[in-house]
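What follows is one structure encoded as structure tokens, with my remarks underneath.
The values are calculated or read from the model by the stated rules, or taken from the named source; none is laboratory data. Owing to the predicted nature of the structure, the values given are computational and were not obtained by experimental measurement. In this analysis, Cβ positions are derived from the backbone assuming ideal geometry, glycine residues included, and neighbour counts consider all displayed protein chains.
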């Protein structure tokens, strides 16, 4: 009798424990990966837009803050942890370092040529590398913005992705292929083409719309549409893309004269001057009046310019410009992605690192300090 009572008690405890576990699973729903953003734990899930906001599947507003990394537009293997060599260890070390900065997104520049040919490297194809990256990034709470950076190695970035080696139909087929391969990855986002620069916007928008429509037939994942190679968004009001879950993008650099000069002949760098310029570029109009989401898919400072008095930047003013710009984007609750995860200035004059795997230089430290 005593043994039977013990067995009954044990099975009762087990039953209660199972009931509690099942209840928790039912309440929580499917397990999702957690990411730390804005000082709180959030769940990584497929994103969508709601007015000017980017939201997760639970309706939480998500601010995407991260870096451009990987350089897979230049090499089949990309550059990871300082090496032009694809290994799981190299890639995961880079992901861990990026995550340690507080980033929740990587914009991954890729090549249409490498994707369509599924170019080989280090024993695996180009496509499988990107799919592995999506998997490893998702387990770390990182979204991947797949960015068509170049068409072919020989032509780089033509004014339109179909104005050189490829046709418009091949551009559309490329995005159909990418969407088909990545549709089940909740952390996949799409950037249709990096810095198109036709003489007329009417040459870009119809093709971008066709590619968007083709993607929408496959998946409702987030798309980022960008026009031009600067930060002027005045084109958006008359050229909105249909299909839902569209985010508009601009790139912001002081170095290339995207911003005017002040009375002393230096390109502007104060908070109020930057704000006034971006207002004139319709950033607040697009966000607040049109109620559309914006991501600054590239922002960056040129490291050597910060101490070069021979250029129209002013010693130290490049750094002030970047810090004030980042603060303004924080104040406006906008998403942004810094260019780029390389050593600066030894590898890139816009590099965030002083050493791998993730030691920041002063530019990288500005970025870390400003992350909100």
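Taking residue 283, is it in contact (Cβ under 8 Å) with a residue 40 or more places away in the chain, within 19 Å of the chain's Cα centre (by Cα), surrounded by 22 or more Cβ atoms within 10 Å (Cβ to Cβ) and within 24 Å of residue 93 (Cβ to Cβ)?
no
Filtering region 115-147 down to residues that are modelled with pLDDT under 95 and assigned to a strand (DSSP E or B), which residue is surrounded by the fewest Cβ atoms within 10 Å (Cβ to Cβ)?
120
Yes/no per residue for (1) crowded, with 22+ Cβ neighbours inside 10 Å; (2) modelled with pLDDT of 95 or more:
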site: 298; (1), (2): yes, yes
site: 304; (1), (2): no, no
site: 318; (1), (2): yes, no
site: 356; (1), (2): no, yes
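Under 7 Å between Cβ atoms, at least 6 apart or on separate chains: pull out the pairs that start in region 127-141 with a residue that is under 19 Å from residue 113 (Cα atoms) and end on any residue that is assigned to a loop (DSSP other than H, G, I, E, B).
As it stands, the answer is 127/118; 129/86, since those pairs meet every condition given.
Which of the residues spanning region 80-105 are surrounded by 22 or more Cβ atoms within 10 Å (Cβ to Cβ) and in contact (Cβ under 8 Å) with a residue 60 or more places away in the chain?
94, 98, 103, 104, 105
Name the single residue, out of those in region 40-74 being in a strand (DSSP E or B), buried (at least 18 other Cβ atoms within 10 Å of the Cβ) and over 15 Å from the mean Cα position of the chain (by Cα), that is modelled with the lowest pLDDT.
Looking at residues that are in a strand (DSSP E or B), buried (at least 18 other Cβ atoms within 10 Å of the Cβ) and over 15 Å from the mean Cα position of the chain (by Cα), I get 42.
Okay, residues lined up against (1) assigned to a strand (DSSP E or B); (2) surrounded by fewer than 21 Cβ atoms within 10 Å (Cβ to Cβ):
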residue	(1), (2)
165	no, yes
170	no, yes
173	no, yes
178	no, no
186	no, yes
190	yes, no
195	no, yes
199	no, yes
206	no, yes
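With the structure loaded, tell me whether residue 330 is more than 30 Å from residue 175 (Cβ to Cβ), surrounded by 17 or more Cβ atoms within 10 Å (Cβ to Cβ), in contact with a helix residue (DSSP H, G or I) (Cβ under 9 Å, 6 or more places away or on another chain) and in contact (Cβ under 8 Å) with a residue 24 or more places away in the chain or whether it fails that test.
Judged against the criteria, residue 330 is not a match.
Hey, does region 27-37 have a residue that's at pLDDT 50 or above, on the phi < 0 side of the Ramachandran plot and surrounded by 21 or more Cβ atoms within 10 Å (Cβ to Cβ)?
No, region 27-37 has no match at all.
Yes or no: residue 230 closer than 19 Å to residue 49 by Cα and assigned to a loop (DSSP other than H, G, I, E, B)?
no
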